[in-house]
Amino acid sequence: MVAVIKTSSSIRGILNYNENKVEIGEAECISAVNYPLELEKLSFTLKLNRFIKLAELNTNVKRNTVHISLNFDPSENHSKEKLAEIADVYMEKLGFGRQPYLVYQHHDAGHPHCHIVTNNIQRDGKRIDLHLLGIRKSEPARKEIEEMFGLVKAEGRKQEEQFSLNPIDVGRVQYGKAESRKAISSILNKVLFDYKYSSLAELNAVLNLYNVHADRGSEESRVFKNNGLLYKILDRDSKPIGVPIKASEFYSKPTLKFLEGKFKTNEAEKEPCKKYVKNAIKLAFFRENIFSPEKLSKILEKESINIIFRKSREGQLYGITYVDHKTRSVFNGSSLGKEFSAKGIQESCALKILELERKHQNSISNNSENCLNLELKEYVKENLVDILLRGERINDYVSKEFKPKKKKRLYKGI
């Protein structure tokens with residue numbers, strides 16, 4: 001079981017989110033604890049007023065709303081009664097046993113989960129401390145509940161099992177309907193909070209792997225001028241299809257303003273991860289005969305690193321982005337250094353080919369044909385002119401002896 005705790009200053013917004021899910025059939029309110037009436041008799045207004053009256057007892061508290069999601073392994077299939085019981089035990093151990101709270105079972109993701117809505121203002125007006133609530137109380141409670149109910153444990157699982165995110169099946173989604181938002185939301189919930197990206201382009205490098213794209217629109221568009229953001233589903237040719245969905249329509253509110261905050265924090269957090277990606281690339285060139293960026297891409301995939309190539313309409317490579325799934329970090333090639341940029345990788349490939357071509361020529365003169373494999377010979381034959389021209393531009397160094405001497409300027413006194 002995995003517990004996620006979020007706090008807010010708007011109980012109405014959180015309650016609206018869950019009740020809207022109920023209205024469209026994606027959720028069900030399964031429990032109302034510490035309410036004066038039975039669940040069936042509670043209207044939206046009665047649910048809301050219970051929280052508002054408690055909040056009014058201490059107006060100095062700004063963040064008085066707590067929204068919790070309890071997430072279970074996809075293999076688990078819990079009844080409503082069991083989910084409600086688990087929620088009750090969890091809230092008791094969290095210190096919210098006497099607070100009013102609502103439990104909603106959601107059906108909008110690939111794994112079973114429930115949401116709990118409550119507040120932290122007690123009947124005497126004192127607040128329940130939310131500082132480090134996850135570490136202090138939630139984590140110990142989670143572990144105890146896993147043992148108590150025989151749940152699949154969140155710890156000790158392999159990384160591949162934890163990250164079981166698959167691209168959107170573009171053949172099954174009904175565009176413009178709830179299924180589109182549900183499909184995009186499942187990708188966003190994983191990528192936005194797990195990966196370290198520092199620009200919209202880097203974020204899209206990851207999202208595009210799962211057939212999702214974040215789009216600001218053209219500079220003349222109303223979306224761009226209002227700092228808006230749309231999320232789209234991509235087809236198998238990486239072209240947008242269906243109806244775009246506004247960022248504000250998702251629960252996590254992945255707006256441009258939200259992303260800009262993530263860009264700043266991620267920039268520092270992903271800095272220590274650069275070394276792993278750089279070493280993986282250097283090691284690949286050392287161990288393998290890499291004579292094209294595409295071959296490097298196939299080799300790095302084995303190390304859980306995806307390379308995204310940016311090409312012009314004419315097919316010219318002008319940019320590279322690395323997505324490292326082990327450290328979950330995204331890097332523009334040039335941010336790692338010149339040798340890891342698109343130009344640097346092409347030059348490294350050219351140098352490798354020239355080196356192997358020299359060996360090939362030597363092997364011919366020695367009546368030996370075993371130096372290079374057939375694939376490399378064909379590649380060299382077809383691209384040798386371009387390779388040689390590229391190779392000549394690799395080293396810009398010119399000795400002092402051959403540099404033209406600068407003329408000394410003469411300054412005449414006035």
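Some values worked out for this structure:
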read-out	value
Test: VAL89 is touching a Leu at 6+ places or on another chain (Cβ under 8 Å) and not in a loop (DSSP other than H, G, I, E, B)	no
Flag for SER221 being outside the structural domain of GLY13 (by TED's automatic domain parsing), of a type in the set (Ser, Thr, Tyr), surrounded by fewer than 14 Cβ atoms within 10 Å (Cβ to Cβ) and touching a residue at least 60 places away in the same chain (Cβ under 8 Å)	no
Residues of the range 1-15 that turn out to be touching a residue at least 60 places away in the same chain (Cβ under 8 Å) and outside any strand (DSSP E or B), as a count	4
Strands (runs of 3 or more DSSP E) enclosed by the range 207-296 - at least 2 residues per element that are more than 20 Å from the chain's Cα centre (by Cα) and under 25 Å from ARG181 (Cα atoms)	240-246
Lone qualifier among VAL103, VAL66 - being closer than 18 Å to VAL2 by Cα, in a strand (DSSP E or B) and either at pLDDT below 95 or basic (Lys, Arg) (or both)	VAL66
Any hit, the range 116-132, residues being under 27 Å from ILE184 (Cβ atoms) and assigned to a strand (DSSP E or B)	yes
In the range 4-43, the residues that are closer than 20 Å to HIS107 by Cβ and aromatic (Phe, Trp, Tyr)	TYR17
One residue from LEU207, LEU165, LEU203 being of a type outside the set (Phe, Trp, Tyr), at pLDDT below 90 and touching a Phe, Trp or Tyr at 6+ places or on another chain (Cβ under 9 Å)	LEU165
Candidate set from the range 16-44 (those that are touching a strand residue (DSSP E or B) at 6+ places or on another chain (Cβ under 6 Å), surrounded by 16 or more Cβ atoms within 10 Å (Cβ to Cβ) and assigned to a helix (DSSP H, G or I)); member that is modelled with the highest pLDDT	ASN18
Residue in the range 104-116 that is more than 30 Å from the chain's Cα centre (by Cα) and surrounded by 15 or more Cβ atoms within 10 Å (Cβ to Cβ) present	no
Counted residues, the range 270-295 - those being of a type in the set (A, V, I, L, M) and within 16 Å of PHE331 (Cα to Cα)	3
Candidates LYS47, LYS82 - the one that is surrounded by 16 or more Cβ atoms within 10 Å (Cβ to Cβ) and assigned to a helix (DSSP H, G or I)	LYS47
Some residue of the range 168-188 being at pLDDT 90 or above and either assigned to a loop (DSSP other than H, G, I, E, B) or of a type in the set (Asp, Glu) (or both)	no
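Okay, residues lined up against (1) of a type in the set (Val, Ile, Thr); (2) assigned by TED's automatic domain parsing to the domain that holds THR59; (3) without any contact (Cβ under 8 Å) to a residue 24 or more places away in the chain:
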{"site": "GLY97", "(1), (2), (3)": "no, yes, yes"}
{"site": "LEU102", "(1), (2), (3)": "no, yes, no"}
{"site": "HIS111", "(1), (2), (3)": "no, yes, no"}
{"site": "CYS114", "(1), (2), (3)": "no, yes, no"}
{"site": "VAL117", "(1), (2), (3)": "yes, yes, no"}
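The values are calculated or read from the model by the stated rules, or taken from the named source; none is laboratory data. These figures come from a predicted structure and were not determined experimentally. For neighbour counting, all protein chains shown are included, and Cβ atoms are generated from backbone atoms with ideal geometry for every residue, glycine included.
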